[in-house]
Amino acid sequence: MNELLDESIDLIIAGPPYWEYINYDSYAKGKEYLWTGKKSYQDFLEDLKKWFSECFRVLKSGRYCIVSLGNLRKKGKCYPIPFHALPLFEEIGFEFFFEIIWYKISGGGRQARGIIKHPYPGYFIPNNHVEYLLIFKKSASTPFLEDKDQLKTQENQIKIDDFFKKEIANNVWHIMPAKSSKVQNHPCPFPSEIPLRLIQLFSLKNEVVLDPFMGIGTTARAAKRLGRKFVGYETQNEFVKVAKKLIRKSK
């Protein structure tokens, strides 16, 4: 991200690819896109370290990088991506702050079909309905904002209501997955509720939110709606076209 200066970003919300599970280039071309790549799992972890080293560079001290990751199963083996990614992020310099479990309510993996078909001990693998939102901070000793008077204004105050206390205040969030459509043209769009919550909790009005894996611009649209500026990077031209169209229409 050579266009971005060191410590120029106020918040990062990132949903990186889950190894080779989805080949986005093949998807954009209308071809078979599940598990069609040839990159090794170790190479993917090295990519994660490379990508988020650049995120660390551009993020301001005292601010947050939030990464959405989930476990994968391939040919009977589980790849615990969030747990392997955590030490890599710490090597980069990020400090792990806490995690939020995104419970998808519906959707997700159907691994329990095995024990339903063979109801015997040793066949059980649970359905996977969760992903992890890993919250990292750059330089934990640096305050979020030096000027407390500037921070504690009416404009920045977060609404604390019953919904906040019963849902957002907990580290398990119940959010329906977003469904792909002809308008979105993306195999796994991010539900807008996630960046809407995170942007309000971890940034101020007019600050800059970065999504280094922009897709169709869900985080950018949430930033625009909440009065933030945004920067996004995306390698698939078809997704960029959709993102620009949806961002223009958003309010």
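The values are calculated or read from the model by the stated rules, or taken from the named source; none is laboratory data. Predicted model, so just to flag it, every value in this text is computed and none were measured. Reconstructed Cβ throughout: ideal geometry from the backbone, glycine too, with neighbour counts over all protein chains shown. Each accessible area value is taken on the protein alone, full model and side chains, heavy atoms only, with ligands, DNA and RNA left out. Shrake-Rupley method; radii C 1.70, N 1.55, O 1.52, S 1.80 Å.
Surface composition of the stretch 1-60: carbon plus sulfur atoms contribute 49% of the solvent-accessible area (1.4 Å probe, protein chains only, all chains present). For the stretch 110-155, applying the loop criterion from DSSP together with a ceiling of 11 other beta carbons within 10 Å to the GluC sites (Glu not before Pro) yields GLU146, GLU155. The residues of the stretch 35-151 present an accessible area of 55 Å² per residue when probed at 1.4 Å with all protein chains retained. In this structure, THR153 and ARG225 have a Cβ-Cβ separation that, at R0 = 35 Å, corresponds to a calculated FRET efficiency of about 0.95.
Residues whose amide H lies under 5 Å from that of ARG228, counting only those 5 or more places away or on a different chain, are ASN206; hydrogens are built 1.01 Å from N in the peptide plane.
Of the trypsin sites (Lys or Arg not before Pro) found in the stretch 58-132, the ones in coil according to DSSP and having at most 14 other Cβ atoms within 10 Å of their Cβ are LYS75, ARG110. Taking the empirical scaling 2.2 N^0.38 Å for compact globular proteins as reference, the chain has a Cα radius of gyration ratio of 1.05. The aspartates and glutamates whose alpha-carbon is closer than 19 Å to the alpha-carbon of LYS39, local same-chain residues fewer than 8 away aside, are GLU20, ASP25, ASP47. For the stretch 91-140, the carbon plus sulfur part of the accessible surface works out to 59%, probe radius 1.4 Å. With both labels modelled 7 Å from their Cα along Cα-to-Cβ, the LYS245 to LYS117 distance reads 3.9 nm.
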